[in-house]
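Encoded as structure tokens, the structure appears first; notes follow it.
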Amino acid sequence: MWKTLHQIVRVGIATEPAPDPDETLRLREALQGQILAIVGRALSIRHVDAGSCNGCELEIHALNNPIYNIEGLGIKFVASPRHADLLLVTGPVARNMEVALRRTYDATPDPKLVVAIGDCGCAGGLFGENYASAGAVANVIPVDVAVPGCPPTPQQILTGILTAISTSTRQPPARQ
């Protein structure tokens, strides 16, 4: 014990100096303000798996981890399309999912945004259009932004979401 204490006294504090402030970290505040200005509250996303291999879903789940922290930006996932502002659709649309995807789209209140995720959602991917697949999401419902990749990275997905809301002509709801 004395040996350790003696070494602490002899060496002193051996820590790194504090880093300089990084102004790029203030981007989060700017994005929160932009989302609030466009939507009027937190952006609500409903994810729909229309028949994917779950590769895109793993990247979407990564958006909620502490590294990307999408909820810290004021973006949250909801369980009902009736509470959603944006639909995030993955996979080629399986024939069995066509009606469900249309109903989800119809249940989402106007104005609504749709982001197709992955090569399958954008163009049908390996599956294309056949007896079991309707192909791209745009073949079933209108798509505002398509994010290619197999699977796209969480940064690409977040960029697609932010592109959709920034190009939106939505007006925030009037306050009463």
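The values are calculated or read from the model by the stated rules, or taken from the named source; none is laboratory data. Note that the coordinates shown come from a computational prediction; the quantities given were computed from them, not determined experimentally. Cβ sites come from the backbone with ideal geometry, for glycine too, and all protein chains shown count toward neighbours.
When segment 78-128 is filtered for residues that are crowded, with 24+ Cβ neighbours inside 10 Å and over 18 Å from Ile60 (Cβ atoms), nothing remains. Of all residues in segment 112-135, those being in contact with a Phe, Trp or Tyr (Cβ under 9 Å, 6 or more places away or on another chain) and modelled with pLDDT of 90 or more number 1.
Within segment 39-52, if we keep just the residues that are in contact with a Gly (Cβ under 9 Å, 6 or more places away or on another chain) and farther than 22 Å from Arg102 by Cβ, the residue that is surrounded by the most Cβ atoms within 10 Å (Cβ to Cβ) turns out to be Leu43. In the set Gly55, Gly74, which member is at pLDDT below 90 and within 30 Å of Gly128 (Cβ to Cβ)? Being at pLDDT below 90 and within 30 Å of Gly128 (Cβ to Cβ) holds for just one of Gly55, Gly74, which is Gly55.
Can you pull out every residue in segment 131-142 that is closer than 17 Å to Cys53 by Cα and either loosely packed, with under 15 Cβ neighbours inside 10 Å or not β-branched (Val, Ile, Thr) (or both)? Quick ask: steps written out before the conclusion?
Narrowing segment 131-142 to residues closer than 17 Å to Cys53 by Cα: 132-137.
Matches in segment 131-142: Ala132, Ser133, Ala134, Gly135, Ala136.
It is to be established whether one or more residues within segment 88-105 are modelled with pLDDT of 85 or more and part of a loop (DSSP other than H, G, I, E, B). The answer is yes, given that some residue of segment 88-105 is modelled with pLDDT of 85 or more and part of a loop (DSSP other than H, G, I, E, B). Kindly indicate whether any position in segment 78-88 is within 26 Å of Thr167 (Cβ to Cβ), among the polar types (S, T, N, Q), touching a Pro at 6+ places or on another chain (Cβ under 9 Å) and without any contact (Cβ under 8 Å) to a residue 60 or more places away in the chain. No; the residues of segment 78-88 include none that is within 26 Å of Thr167 (Cβ to Cβ), among the polar types (S, T, N, Q), touching a Pro at 6+ places or on another chain (Cβ under 9 Å) and without any contact (Cβ under 8 Å) to a residue 60 or more places away in the chain. Among the residues of segment 36-44, is any at pLDDT 75 or above and under 12 Å from the mean Cα position of the chain (by Cα)? Taking every residue of segment 36-44 in turn, at least one turns out to be at pLDDT 75 or above and under 12 Å from the mean Cα position of the chain (by Cα). What residue, among those in segment 43-77 that are free of Cβ contacts under 8 Å to residues at least 12 places away in the same chain and part of a helix (DSSP H, G or I), is nearest to Pro154 (Cα to Cα)? Across segment 43-77, the extreme among qualifying residues is His61. For Pro109, the conditions (1) more than 16 Å from the chain's Cα centre (by Cα); (2) more than 20 Å from Ile35 (Cβ to Cβ); (3) at pLDDT 85 or above all hold with the exception of (2).
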